[in-house]
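Right, one structure below, let's go through it.
The values are calculated or read from the model by the stated rules, or taken from the named source; none is laboratory data. All figures in this text were calculated on a predicted structure; none of them were measured in a lab. Cβ placement follows ideal geometry from the backbone for every residue including glycine, while neighbour counts extend to all protein chains displayed.
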Amino acid sequence: MNVSSVGLGKLGLCSAACFASKGHHVIGVDSNGRHVDALRDGQCPIDETGLPALLARCRHNMEFTTNYGHAVRDSDITLITVPTPSDATGRFSNTDLEAVLDRIAPALRAKSMFHVVGVVSTVMPGTCERVFKPRLEKLTGKLCGRDFGLLYNPEFVALGSVVSDFLHPDLLLIGASDGRSARIARELYSTVVESNPCYALMGLTNAEITKLSLNCYVTMKISFANELAAICEKIPGADVDVVTTAIGADVRVGRKYLKGGLGFGGPCFPRDNLAFQRCAEDAGTCAHLSPRVVEVNVEIVNRLCAMIRGHAEPGSTVALLGLSYKPGTHVVEESQPVMVAEKLLDAGYVVRMHDPKALESAAEVLQGRGIYCNCPYDAASNASVVVMLTPWPEYNRLDIHRLEERAGSLPLLIDCWRIYRNAPFRKFTYRAFGTAVQPSGRNVYDSLASILHPDDRRRAPVLERPPVQHPALT
């Protein structure tokens, strides 16, 4: 199939490359001429796992242009992935999307063949039916469902694993104006995905609601696990990992996103919650759970800062390991680690920071305040408190004794994801999110898995600790 992909950013370029890798001819369109020139020259301007290698393999099936008319004329379906940032009210802005529709309309008007227009960007429920459909009909003089089709088919992917997530979805959500468009979309995606997803075919408005509410439901699970972690910290012998592992074994709940730690961040989850609340208001009702989910998320930063203040006075050095909102990306938008850094800097602490990818992004947000280190051990230099924030795989391999040696006297290690829970500390006082502090001043873990016979352990996998799962960008 001939596919045109409008918007060659973090998500659009990845999906375009995935289509091309499966043999489809893809015309990539973007209004940024420099971006297009870089792609034409064989460069990969997006930092995303697996994308450079994928582009190298499928470039023979791709072309890049700033000409929207050419893209529509020479393709069967146009997929639009452009930013829809929050406006002043918390609703998604359609400015960029509407600009794209205006640019493709002349070619769509002149085209005699049925053409499908697919909106991938997140929008407010009702937007496709009430805004995009009449806009395209007015601009083209054509009838939606007869002369052209309209889709709403958002992706469920996370930065750092966009390519893998796109190729292996659990759910393919396709909202369509008509049956013909739905069939075309299903046929296209079925030739690309490598998993056996659920195809959810529905109308445009239900698809818009599904996308927004699914993201908000995920954040509700995250906040529940984090609220549970805060409770476990106050109950002697409690361990949030033991509790959530058991809870997650119930098929009614599931283990994904049920990991007490830092809260959600990134460019999607926070804004989707706000948009969900505005959606409820627009419908004449009220979203009761979503505001509390956001409140719990905000409280985590305050709780962590209180732990730091309880051990070190302003003027002391605090080392922050991990600044991106999740591992695998340089993005710090709505990053709780960066929020912690900002609060500590405002309070007068000396803040030393390390992150494998996000130092430059964090420095821009923090306006250069603080000390940025290329080595995690340098970040810990003379620190009264060391905080493990973003669970990068690199941090799992740190030499804990070397970290202790670089830290100051009587240092505190705060472990938000409990990755050092079994480390043989010599110097650190250890505090972990989600576990109670015993009279000894250390966290003590009470897991029955440690006393079971090996045969019993194999029969009781629910007692095994799950790997760290950090909120993903959808």
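Which of (1) closer than 20 Å to Leu11 by Cα; (2) touching a residue at least 60 places away in the same chain (Cβ under 8 Å) is the odd one out, the single condition Thr95 does not satisfy?
For Thr95, the failing item is (2).
Would you be able to say whether some residue in the range 114-126 is over 21 Å from the mean Cα position of the chain (by Cα) and in a helix (DSSP H, G or I)?
No: the range 114-126 contains no residue that is over 21 Å from the mean Cα position of the chain (by Cα) and in a helix (DSSP H, G or I).
Out of the range 18-57, which residues are of a type in the set (A, V, I, L, M) and either in contact with a strand residue (DSSP E or B) (Cβ under 8 Å, 6 or more places away or on another chain) or assigned to a loop (DSSP other than H, G, I, E, B) (or both)?
Matches in the range 18-57: Ala20, Val26, Ile27, Val29, Val36, Leu39, Ile46, Leu55.
Need the failing condition index for Ala176 against (1) among the hydrophobic types (A, V, I, L, M, F, W, C); (2) out of contact with any His (no Cβ under 9 Å at 6 or more places or on another chain); (3) surrounded by fewer than 22 Cβ atoms within 10 Å (Cβ to Cβ), just the number.
That leaves (3) as the condition not met.
With the range 168-271 as the region, which helices (runs of 4 or more DSSP H) entirely inside it contain at least 3 residues that are closer than 30 Å to Phe114 by Cα?
179-190, 204-232
Within the range 326-365, take every residue that is in a helix (DSSP H, G or I) and in contact (Cβ under 8 Å) with a residue 60 or more places away in the chain and give me the one that is farthest from Met388 (Cα to Cα). Can you show your working first?
Going residue by residue through the range 326-365, those that are in a helix (DSSP H, G or I) are 336-347, 359-365.
Then drop every residue that is not in contact (Cβ under 8 Å) with a residue 60 or more places away in the chain, which leaves 336-337.
On the way: Gln336: 12, Pro337: 9 Å.
Filtering first and then ranking leaves Gln336.
Give all pairs with beta carbons closer than 6 Å in which a residue from the range 295-322 that is free of Cβ contacts under 8 Å to residues at least 60 places away in the same chain meets a residue that is assigned to a helix (DSSP H, G or I) and polar (S, T, N, Q); count only pairs at least 6 apart in sequence or on separate chains.
Val301/Gln336
Quick one: in the range 172-195, of everything that is under 27 Å from the mean Cα position of the chain (by Cα) and touching a residue at least 40 places away in the same chain (Cβ under 8 Å), which residue is nearest to Cys268 (Cα to Cα)?
That would be Gly175.
Across the range 196-240, what is the total count of residues that are within 30 Å of Met307 (Cα to Cα), small (Gly, Ala, Ser) and under 24 Å from the mean Cα position of the chain (by Cα)?
4
Name every residue in the range 299-331 that is within 11 Å of the chain's Cα centre (by Cα) and of a type in the set (Val, Ile, Thr), in order of residue number.
Across the range 299-331, the qualifying residues are Thr329, Val331.
Among (1) over 27 Å from Tyr257 (Cα atoms); (2) touching a strand residue (DSSP E or B) at 6+ places or on another chain (Cβ under 8 Å); (3) buried (at least 18 other Cβ atoms within 10 Å of the Cβ), which single condition is Asp147 missing?
The single condition Asp147 does not satisfy is (2).
Kindly indicate which of Ser86, Ser75 is in contact (Cβ under 8 Å) with a residue 60 or more places away in the chain and in contact with a strand residue (DSSP E or B) (Cβ under 6 Å, 6 or more places away or on another chain).
Numbers: Ser86 fails: in contact with a strand residue (DSSP E or B) (Cβ under 6 Å, 6 or more places away or on another chain).
It is Ser75.
Inspect the range 122-132 for any residue being among the aliphatic types (A, V, I, L, M), in the same structural domain as Asn94 (by TED's automatic domain parsing) and surrounded by fewer than 21 Cβ atoms within 10 Å (Cβ to Cβ) and give the result as yes or no.
Checked against the condition, which is being among the aliphatic types (A, V, I, L, M), in the same structural domain as Asn94 (by TED's automatic domain parsing) and surrounded by fewer than 21 Cβ atoms within 10 Å (Cβ to Cβ), the range 122-132 yields at least one hit.
What is the number of the single condition among (1) outside any helix (DSSP H, G or I); (2) in contact with a Leu (Cβ under 7 Å, 6 or more places away or on another chain) that Val72 does not meet?
Result: Val72 fails condition (1) only.
Take the residues in the range 272-282 that are of a type in the set (A, V, I, L, M, F, W, C) and touching a residue at least 24 places away in the same chain (Cβ under 8 Å); name whichever of them is farthest from Asp415 (Cα to Cα). Explain how you work it out, then say what you get.
Narrowing the range 272-282 to residues of a type in the set (A, V, I, L, M, F, W, C): 274-276, 279-280.
Narrowing the set further to residues that are touching a residue at least 24 places away in the same chain (Cβ under 8 Å) leaves 274-276, 279.
Details: Leu274: 29, Ala275: 32, Phe276: 32, Cys279: 37 Å.
The selected residue is Cys279.
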